[in-house]
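Everything on this sheet refers to the single structure shown next.
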Amino acid sequence: MATGGFPAASSGATPPVEDSALDALFASFAHHPRILIAVSGGPDSTALLHLARRWRAERETGPDLVAATVDHGLRADAAREAADVAVLAARLGVPHRILVWQGAKPAHGIQEAAREARYGLLAAAAHEAGATAIALAHTRDDQAETVLFRLARGSGLSGLAGMRGDAVRHGLVLLRPFLEVPKAQLVATLEAAGLAFACDPANLDPRFARPRLRAMAQALAGEGLDARRLATLARRAARADQALEAATDAAEATLHRSAPEGAEGTSVLDAAAFATLPDEIGLRLLARAIGRAATEGPVELAKLEALFDALKEAMGAPSALFRRTLAGAQVSLRRGALHVSAAPPRRDDGPVASNSGRLGPRVLGKKGPRS
Ligand SMILES: Nc1ncnc2c1ncn2[C@@H]1O[C@H](COP(=O)(O)OP(=O)(O)OP(=O)(O)O)[C@@H](O)[C@H]1O
């Protein structure tokens, strides 16, 4: 059956996930009292429900598991697939809810809108259930696709780090225990357990970027660029990103000067010390400051780099004069300090047009804008 995964560089029968692997896979689950498992009914999340429940059944203590399926109302089969998940969850003894997306559906960007709605519905259900985390079934193949997708869009190191196994969103931890597990192994696990799953035709629809990337995967794998290598790149990029974030934390603590009273979102940094920072750290520090002051959504990495270069050049000049705006934040040099604050409204400004605060792919830094 076509399940939409990345091809492996070497072929061969994929074994199911062993019971002995479950403790390591679900180690992060043990810290939560209750976890909501997001189950679409596809192979990955059906395997997540099955394996998480198997892991929990072997332990005397551990999190309560609950599950939810979002019916986006976009396909004729969606309601039936959600009902199938409800039947499986009942069989496994896991409380389950079906959440229906009832808002207006946009004509364009439907995938993006559906994802936003899905996270909103899942987060609300998790809060209602008293869960502190949502478990998602993204696999190594999904991680590989994410890295390829971001490469193609010019992402920086933070973006190439891919999805995290423990991101925080809507005040909930997003757990992704399968980021190192090939999709084929989950499919093999379901087949071995005799469990059925649904296939979403959108996973093969060439109108969407991810299926198009997936269609190229065979050729890339032939050159050695398979899911394993891309996931390894993500892991290494994440490790480097973490180190750079820690170095940026330290620089921020050293360079930070108190902002004027009442100047919410304003950062004031020692300009002379800022000029001596390695470029990557300076760039991240600037990204954070702009992220705090920005009113117009995420900042593109290329625009941030251009502003940073201009700033460094100005700092090298005797007069050290500088004032520019980016994403609604104003960056200026005054009396030996770098000030970053919300830009004053332009005279011809109408109502502020926010670009929805969506996180774009070409941005940098975790605490400022990021991908
Ligand atoms: N309709 C849904 N209801 C509940 N959770 C969902 C739904 N769609 C996706 N998810 C969750 O988000 C994860 C990633 O979604 P994505 O659309 O990238 O994968 P998918 O192809 O739907 O995966 P799967 O093989 O589980 O269907 C899923 O593994 C699942 O945990």
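Laboratory data are not the source of any read-out in this text; all were calculated from the coordinates shown. No experiment lies behind these values; they were computed from the predicted model shown. Reconstructed Cβ throughout: ideal geometry from the backbone, glycine too, with neighbour counts over all protein chains shown.
Given the Cα-Cα distance of E296 and R324 and 0.36 nm per residue of separation, how much length would full extension add, in nm?
Extra length available between E296 and R324 comes to 8.6 nm.
Going out from 0 in 20 Å bins, what whole percent of all Cα-Cα distances in the chain drops into each bin?
Pairs per bin, as whole percents: 25, 51, 22, 1.
Using 0.36 nm per residue of separation minus the Cα-Cα distance, give me the extension gain between A57 and K303 in nm, one decimal.
Full-extension gain reported as 83.4 nm.
Under 14 Å from the Cβ of R54, count the other residues' Cβ atoms, weight Lys and Arg +1, Asp and Glu -1, and hand me the total.
After counting each charged neighbour, the total is 0.
Can you list the residues, at least 5 places off or on another chain, whose amide H is less than 5 Å from the amide H of A198, using H built in the peptide plane?
G42
What distance in nm separates the simple spin-label points at R207 and A79, each placed 7 Å from Cα in the Cβ direction?
A separation of 2.2 nm, rounded to one decimal place.
How much mean residue ellipticity at 222 nm does the chain get from its helices, if each DSSP H run of length 4 or more adds -39500 (n - 2.57) and you divide by all residues, to the nearest 500 deg cm²/dmol?
About -14000 deg cm²/dmol.
Could you calculate the FRET efficiency of E223 with E180 from 1/(1 + (r/R0)^6), where r is the beta carbon distance between them and R0 is 25 Å, rounded to 0.05?
Efficiency at R0 = 25 Å is approximately 0.70.
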